[in-house]
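J.: One structure, pasted below without further comment.
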Amino acid sequence: MPGGSHLTPEELDSWSDEFKNTFGPRADHVRDCEECELLVSMVSEHEARLRKLRNNRSSPPQPDCPGPETWVRVAAGLIRGEECAGLLEHAAGCDSCGAELRDAAEYVADDSPAPAQKSALPTSDSQRRRGMAAELAKRSRFKRRLRVRYLLPIAAGILISTVAGTWWMMRPSAVETASRLLAQAYDRQPPFEYRIPEAMPGTPVTLRGAEASLNDRPVEMSEAEAKIQREISRRPQDPRWRALMARADLLQGNYDPAIRTLLELRDARPKNADVLNELGRAYAVRATARSDHRQDFESAVENLNRAVQARPGNSEALFNLALLYTNIQQYSNAEEAWKRYLAVDSSGAWADQARKHLDEVVKKKSSVVRP
């Protein structure tokens, strides 16, 4: 675990006030730990969204506005999925419901109704109030000691909770959605054999580069690219979206901009395993595609090894490193790397690919040493 333990709820709560502009050990940890970096980014992003909800009460509720009970259930995490998403979208654009949602989050946090809701809640009598309290205690899973600022992101669509010492999100983030779209584009037209997140192995097709017809591109690639460009325009320095932009460039054969972006990300986070893996893969792909960039193989080996060192159980980086050693005919290193990979991931489609490569490497290694 880079730089010590993960941020505590208290540290995360005060991050923007106390740690944002510091360069102490905890700030170093966040730069090198993708989990804490994601949490800090989530809190910052959703606090920005919450500012849209902190509006005045000059606008009266409309006939289609949900009642206070609905917003309490949203804040408590009792309404989920598409229904929750629709309600949150409504609250973001409605002055009256935005205020109701904020009060509902405070009600859930403090365990006491806000004045405007007290008479409307279906918990006025003690028996029904105890029933609602029991339901909240059973199903909400967040701790009462967390400040309201943690409950407000719940109301904005993300539930951050401490459950058995881990953090989880209520629904996939926009970053996860874009990453999944890139994986689906890879599945349809794999441009290379190196592994990317969430994708399945396949037979590589001919790389077409940036000049390819739009009709040749998987629709998932177009959707992912549009989403990434939209988010980059909003937050141009966000490392998650910049890494996805580089991955999209690489998938489309735009090697140079992909590597430039990833070098900038590596300079900012030199120990981040995901960035190192992305960069190592990009170097390996460019070296294979371009005869004038054979020196990229050395850079690929260096960065993929650093990715494995930063996170020894990184199955994606291990697969890419083993495949790289295989492609550059370093069979002893390849054999060791494939065995390390299979020790981490012994089942599934990627493991089947690894076994095939390992068998081939062992045969080629034997033929090389045979007199």
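The values are calculated or read from the model by the stated rules, or taken from the named source; none is laboratory data. Note that the coordinates shown come from a computational prediction; the quantities given were computed from them, not determined experimentally. As a convention, Cβ positions derive from the backbone with ideal geometry for all residues, glycine included, and neighbour counts pool all protein chains shown. Each accessible area value is taken on the protein alone, full model and side chains, heavy atoms only, with ligands, DNA and RNA left out. Shrake-Rupley method; radii C 1.70, N 1.55, O 1.52, S 1.80 Å.
J.: Residue under question is Asn320, and the condition is that it be in contact with a Phe, Trp or Tyr (Cβ under 6 Å, 6 or more places away or on another chain), assigned to a helix (DSSP H, G or I) and farther than 28 Å from Asp28 by Cβ; does it hold?
T.: No, not satisfied.
J.: Same structure, new question: Test of understanding: among Arg240, Arg311, Arg247, Arg281, which residue is more than 19 Å from Tyr194 (Cα to Cα) and within 20 Å of the chain's Cα centre (by Cα)?
T.: Result of the check over Arg240, Arg311, Arg247, Arg281: Arg240.
Listed here are the residues, each with its yes/no results for (1) surrounded by fewer than 17 Cβ atoms within 10 Å (Cβ to Cβ); (2) in a loop (DSSP other than H, G, I, E, B); (3) without any contact (Cβ under 8 Å) to a residue 24 or more places away in the chain; (4) among the small types (Gly, Ala, Ser).
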residue: Phe192; (1), (2), (3), (4): no, yes, no, no
residue: Met200; (1), (2), (3), (4): yes, yes, no, no
residue: Glu223; (1), (2), (3), (4): yes, no, no, no
residue: Gln237; (1), (2), (3), (4): yes, yes, yes, no
residue: Leu244; (1), (2), (3), (4): no, no, no, no
residue: Ala248; (1), (2), (3), (4): no, no, no, yes
residue: Gly253; (1), (2), (3), (4): no, yes, no, yes
residue: Pro257; (1), (2), (3), (4): yes, no, yes, no
residue: Arg281; (1), (2), (3), (4): no, no, no, no
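J.: Residues that are at pLDDT 55 or above, open to solvent by 30 Å² or more (accessible area, probe 1.4 Å), assigned to a helix (DSSP H, G or I) and β-branched (Val, Ile, Thr): does region 38-46 have at least one?
T.: Within region 38-46 (the criterion being at pLDDT 55 or above, open to solvent by 30 Å² or more (accessible area, probe 1.4 Å), assigned to a helix (DSSP H, G or I) and β-branched (Val, Ile, Thr)), the answer is no, since none of the residues qualifies.
J.: Sticking with this structure for a sec: Would you confirm, using the coordinates I've provided, whether Leu78 is open to solvent by less than 30 Å² (accessible area, probe 1.4 Å), at pLDDT 75 or above, in contact with an Asp or Glu (Cβ under 9 Å, 6 or more places away or on another chain) and of a type outside the set (S, T, N, Q)?
T.: Yes.
J.: Also, quick follow-up: Only one of Leu342, Leu324 is modelled with pLDDT of 95 or more, over 19 Å from Pro191 (Cβ atoms) and open to solvent by less than 70 Å² (accessible area, probe 1.4 Å); which?
T.: On the way: Leu324 fails: over 19 Å from Pro191 (Cβ atoms).
It is Leu342.
J.: Another question about this same structure. For region 48-71, what are the residues that are at pLDDT 75 or above and part of a loop (DSSP other than H, G, I, E, B)?
T.: Across region 48-71, the qualifying residues are Pro61, Gln62, Pro63, Asp64, Cys65, Pro66, Gly67.
J.: Additional query: Considering region 347-360 alone, what residues qualify as being out of contact with any Ser or Thr (no Cβ under 7 Å at 6 or more places or on another chain) and part of a helix (DSSP H, G or I)?
T.: Ala349, Trp350, Ala351, Asp352, Gln353, Ala354, Arg355, Lys356, Leu358, Asp359, Glu360
J.: For Cys94, which of the numbered conditions (1) farther than 26 Å from Asn314 by Cβ; (2) at pLDDT below 70 fails to hold?
T.: (2) is the only condition that Cys94 fails.
J.: So, in region 323-346, exactly how many residues are part of a loop (DSSP other than H, G, I, E, B) and either within 16 Å of Pro197 (Cβ to Cβ) or under 27 Å from the mean Cα position of the chain (by Cα) (or both)?
T.: Residues that pass the stated criteria total 2.
J.: What do you reckon, is Leu304 over 13 Å from Glu193 (Cα atoms), aliphatic (A, V, I, L, M) and either modelled with pLDDT of 95 or more or part of a helix (DSSP H, G or I) (or both)?
T.: Considered against the rule, which asks whether it is over 13 Å from Glu193 (Cα atoms), aliphatic (A, V, I, L, M) and either modelled with pLDDT of 95 or more or part of a helix (DSSP H, G or I) (or both), Leu304 comes out as yes.
J.: Another question, then. Take region 283-321 and flag every residue that is in contact with a helix residue (DSSP H, G or I) (Cβ under 7 Å, 6 or more places away or on another chain), open to solvent by 40 Å² or more (accessible area, probe 1.4 Å) and closer than 23 Å to Arg240 by Cβ.
T.: Arg306, Ala310, Arg311, Gly313, listed by residue number.
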